[in-house]
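The block underneath contains the structure these notes are about, expressed in structure tokens.
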Amino acid sequence: MKQKSAYNASQQRSHLIHAIEGLDRYPNYLSRWDEPDIESLEEALEERLEQVKQQKLNISNQRKHIQSVLEEFLQEYPEWKDFVREPCCWDDVRNLLDPRAVNAIFRSKIFRKRNDDQNLRSNNDISVNDVISGRIRIPIELDTEYLQEWIEYEMDDVYSFPLLSETFCSKLHTFVSSIMSFVETTPRISNFPVRIYKDLDYLGLEWLNDLIFNLILRPISAQLYKETELIGGDLDWRTGYIASYSGDPTSSKPRQRLVPHTDDAEVTLNICLGDKFVGGNLNFWGVRGDATAGKFLGEYQPEIGRAVIHSGRHLHEVTEITAGDRFAYIQWARSWGASRKNCPCCWLNRRQYQNGDSCVCGQKWN
Ligand SMILES: O=C(O)CCC(=O)C(=O)O
Ligand SMILES: [Fe+2]
């Protein structure tokens with residue numbers, strides 16, 4: 001009798017990925033499989049599907065809840081209504097930026113026509129909403145010479161630049177903290193943990209995520225990370241949230257430090273929003289898959305309003321906050337269009353350049 005194989009798609013992730021790749025490569029792939037192995041695959045896929053459905057449902061409930069809390073919050077504190085309103089003109093955008101950012105962005109060719117002739121709107125003019133909505137399909141291009149004046153090299157693939165005004169930073173973290181306090185002091189609505197109130201898309205600030213993504217992160221990444229992270233492509237997905245820490249952690253500021261990790265992103269933007277804190281520096285430990293991996297490269301001390309940008313593969317940590325509260329605006333961005341030719345593991349670890357044969361999708365397996 002044929003010996004039973006050790007195939008176990010539920011327990012071994014590599015077995016599951018192996019089969020998914022096989023189904024894509026061969027017609028009638030399962031024709032040579034034994035029935036128990038097919039069943040193991042079927043079960044593992046069903047488990048995964050159940051996981052997706054559960055998370056989809058939970059997330060949708062959470063998002064609806066946050067939306068209704070936000071509405072209540074704005075009713076109770078109408079003074080925040082203006083803050084969450086999408087800016088309708090470039091002057092509103094200038095007001096939330098650091099003047100050095102204004103200088104680099106609005107002197108760039110793409111905006112110059114309007115700057116030169118403030119009173120004349122031509123078809124070439126780009127509105128704030130064009131940028132926020134991503135209607136301008138071609139990415140905004142910022143002139144290299146101005147970016148060079150604006151952006152400072154920190155280490156390896158890490159750069160920093162002044163981006164948001166101090167006033168705006170302070171308003172942003174106060175806004176998010178106020179919603180969290182509102183939830184904490186209103187037992188009727190506090191049926192989800194307060195830490196879920198951090199994704200700006202659901203706190204009325206989707207426009208801010210989009211503005212920063214389309215106006216800042218995409219154009220800058222196109223220059224800094226085109227070959228290394230984007231493989232010649234463009235960023236096409238982002239998430240933006242507030243990370244909050246405290247020397248004296250609470251449920252709304254639960255962390256005192258953040259252990260070394262890489263991000264689920266090709267490129268990460270991190271803007272320090274304050275408040276006053278001691279410690280909380282960013283340490284960088286090299287880029288996974290590159291020669292620098294695991295090496296301590298340096299420490300970066302956050303400054304209010306200043307953005308730091310790095311590849312998601314760059315191992316980083318937030319050192320212990322010993323006093324005060326620390327808030328950061330984080331945006332993770334991906335380039336699904338460009339990076340997905342290889343399996344995620346090869347892509348992340350660059351194995352295709354060194355040892356392509358060892359991959360389940362590689363030549364040896366074929
Ligand atoms: O708070 C920070 O400065 C970094 C946060 C971070 O690395 C993350 O959320 O992935
Ligand atoms: Fe991170």
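The values are calculated or read from the model by the stated rules, or taken from the named source; none is laboratory data. Note that the structure is a prediction, hence the values are computed from the model and not measured. Cβ coordinates were reconstructed from backbone atoms using ideal geometry, including for glycine residues, and neighbour counts include every protein chain displayed. Heads up: the accessible areas ignore ligands, DNA and RNA and are worked out on the full protein's heavy atoms, side chains in. Shrake-Rupley method; radii C 1.70, N 1.55, O 1.52, S 1.80 Å.
Round to the nearest 0.05 the FRET efficiency obtained for R100 and E76 when R0 = 35 Å and r is the Cβ-Cβ distance. Please list the in-between numbers first.
Details: r = 37 Å, r/R0 = 1.05.
After rounding to 0.05, the efficiency reads 0.40.
Just the number please: accessible area per residue for the stretch 211-320, 1.4 Å probe, all protein chains included, in Å². Write out the running numbers ahead of the final one.
Numbers: 4050 Å² over 110 residues.
Heavy-atom SASA per residue in the stretch 211-320 reads 37 Å².
Springs between alpha-carbon pairs under 10 angstrom, Gaussian network model over the chain: which of A104, A44, A328 fluctuates most?
Maximum among the listed residues: A44.
Give me the distance between the Cα centres of the stretch 181-220 and the stretch 267-299, rounded to whole Å.
The stretch 181-220 and the stretch 267-299 have Cα centres separated by 23 Å.
When each pair of different Cα atoms in the stretch 145-246 is counted once in the 1/r mean, what is the Kirkwood radius in angstroms, to one decimal? Present the calculation step by step, with values, prior to reporting the outcome.
Numbers: mean 1/r = 0.0621 Å⁻¹.
Mean inverse Cα-Cα distance, inverted, gives 16.1 Å.
Once you have the Cα-Cα distance between S181 and W33, take 0.36 nm times their residue separation minus that, and quote the gain in nm to one decimal.
Values: separation 148, 0.36 × 148 = 53.28 nm, distance 5.67 nm.
Additional length available on full extension: 47.6 nm.
Suppose R0 equals 30 Å. What FRET efficiency, 1/(1 + (r/R0)^6) with r the Cβ-Cβ distance, do D92 and V278 give to the nearest 0.05? Walk me through the numbers on the way to the answer.
On the way: r = 34 Å, r/R0 = 1.14.
Here the calculated transfer efficiency is 0.30.
Placing +1 at every Lys and Arg Cβ and -1 at every Asp and Glu Cβ, with all other atoms neutral, what dipole size does the chain have around its Cα centre, in debye to the nearest 20? Provide the component values of the computation, followed by the final result.
Working: 44 positive and 54 negative charges, 95 e Å.
The dipole of the chain has a size of about 460 debye.
When Rg is the radius of gyration of the Cα atoms in the stretch 209-310 and Rh is its Kirkwood radius, what does Rg/Rh come to?
That ratio is 0.97, to two decimals.
Which order do the peptides 193-202, 141-150 come out in when sorted by mean C-beta neighbours inside 10 angstrom, highest first? Show your work: numbers first, answer last.
Numbers: 193-202: 18.0, 141-150: 15.7.
Packing proxy ranking, top to bottom: 193-202, 141-150.
Hey, what D do you get for the stretch 1-76 in µm²/s if you plug the Kirkwood alpha-carbon radius into Stokes-Einstein at 10 °C and 1.306 mPa s?
Working: Rh = 15.4 Å.
Answer, rounded: 103 µm²/s.
For n ≥ 4 DSSP H runs only, could you compute -39500 (n - 2.57) per run for the chain, divide by its residues and tell me the 222 nm figure to the nearest 500?
Details: 14 runs with 140 residues, N = 366.
Result for the chain: -11000 deg cm²/dmol, rounded to the nearest 500.
Identify the trypsin sites (Lys or Arg not before Pro) of the stretch 55-88 meeting these criteria: DSSP loop state and at most 13 other C-beta atoms within 10 Å of the C-beta. Each step should come with its number before you reach the end.
Numbers: sites: K56, R63, K64, K81, R85; in loops: R85.
Loop-located and lightly packed - R85.
Pairs of alpha-carbon atoms within less than 8 angstrom and 6+ residues apart define the contacts here; what relative contact order does the chain have, in percent?
On the way: 582 pairs, mean separation 58.5, N = 366.
Result for the chain is 16 percent.
Over the stretch 1-76, what is the relative contact order in whole percent, taking alpha-carbon pairs under 8 Å and six or more residues apart? Before the final figure, lay out each step's value.
Values: 27 pairs, mean separation 22.1, N = 76.
Contact order relative to length: 29 percent.
Going by average Cβ density within 10 Å per residue, which order do the peptides 302-310, 127-135 take, highest to lowest? Display every interim value, and only then the final one.
Numbers: 302-310: 22.2, 127-135: 15.6.
The most tightly packed comes first, giving 302-310, 127-135.
Starting from the Kirkwood radius over alpha-carbon pairs of the stretch 81-334, derive D by Stokes-Einstein at 4 °C in a medium of 1.567 mPa s and give it in µm² s⁻¹.
On the way: Rh = 19.0 Å.
Result for D is 68 µm²/s.
Using a probe of 1.4 angstrom, how much of the accessible area of the chain is carbon and sulfur, in percent? The partial results should precede the final answer.
Values: 9450 of 19350 Å².
Carbon plus sulfur share of accessible area: 49 percent.
Name the chymotrypsin sites (Phe, Trp or Tyr not before Pro) in the stretch 206-315 that are in a loop by DSSP and that have at most 13 other C-beta atoms within 10 Å, would you? Could you put the intermediate results ahead of the total?
Numbers: sites: W207, F213, Y225, W237, Y241, Y245, F277, F284, W285, F296, Y300; in loops: Y225, F296.
Those that pass, being in a loop and sparsely packed, are F296.
Could you state the number of Å between the C-alpha centres of the stretch 135-166 and the stretch 31-71?
About 39 Å separates the Cα centre of the stretch 31-71 from the one of the stretch 135-166.
Got a sec? Charge dipole of the chain, +1 on Cβ for Lys and Arg, -1 for Asp and Glu; which of I151, A265, S252 is way out at the positive end?
The one lying farthest along the dipole's positive direction is A265.
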